[in-house]
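Peer 1: Got a structure here, written out as structure tokens. Questions coming.
Any read-out appearing in this document is the output of simple, stated calculations on the displayed coordinates, not a laboratory observation. Quantities reported herein were computed from a predicted structural model and do not represent experimental measurements. A quick note on method: Cβ atoms are made from the backbone with ideal geometry, for glycine too, and the neighbour counts reach across all protein chains shown.
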Amino acid sequence: MVRSELISSLAEQFPRLTKSDTEACVTTILDSITRQLCEGGRVEIRGFGSFQSNLRPSRIGHNPKTGVKVYVPAKPCPHFKAGLELRERIND
């Protein structure tokens, strides 16, 4: 499911909301999660999972085109861990 499909699905489930209202809600939620992760925080949605920013260590990589070794610095990356309820629903 992509963002536009999520917005359409929510708009159908809640006919009192216009599609633009639904889009604003989805955008606000995703922006809030993004902002929290950028600040190094953690976001937990009970029954769904948690989002966290993990630090990838530095490493030596290589350019696939030339084969030259390059230094790749440490960098933060988003990480999602599914909650127990979500894992159980997927496994059933």
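Peer 1: Can you tell me the mean projection area, over all orientations, of the convex hull of the range 1-80's alpha carbons? Units nm², please. Walk me through the numbers on the way to the answer.
Peer 2: Values: hull surface 31.4 nm².
If I average the Cα hull's projected area over directions, I get 7.9 nm².
Peer 1: Excluding residues on the same chain fewer than 8 positions from K75, give the aspartates and glutamates whose Cα lies under 20 Å from its Cα.
Peer 2: E39
Peer 1: From Cα pairs below 8 angstrom and at least 6 apart in sequence, can you work out the relative contact order of the chain, rounded to a whole percent?
Peer 2: 21
Peer 1: Compute the signed sum of charges (Lys and Arg +1, Asp and Glu -1) over the other residues within less than 14 Å, Cβ to Cβ, of E12. Display every interim value, and only then the final one.
Peer 2: Values: positive: R16, K19; negative: E5, D21, E23.
Value of the local net charge: -1.
Peer 1: Further, regarding this structure: Order of D31, D21, D92 from fewest to most other C-beta atoms within 10 Å?
Peer 2: So the ranking, lowest neighbour count to highest, is D92, D31, D21.
Peer 1: Rank these for me by crowding, K81, K65, going from fewest to most other beta carbons within 10 Å.
Peer 2: K65, K81
Peer 1: Starting from 0.36 nm per residue, how many nanometres of slack lie between E5 and S20 once their C-alpha separation is accounted for? Can you show the working numbers first?
Peer 2: Values: separation 15, 0.36 × 15 = 5.40 nm, distance 1.34 nm.
Full-extension gain reported as 4.1 nm.
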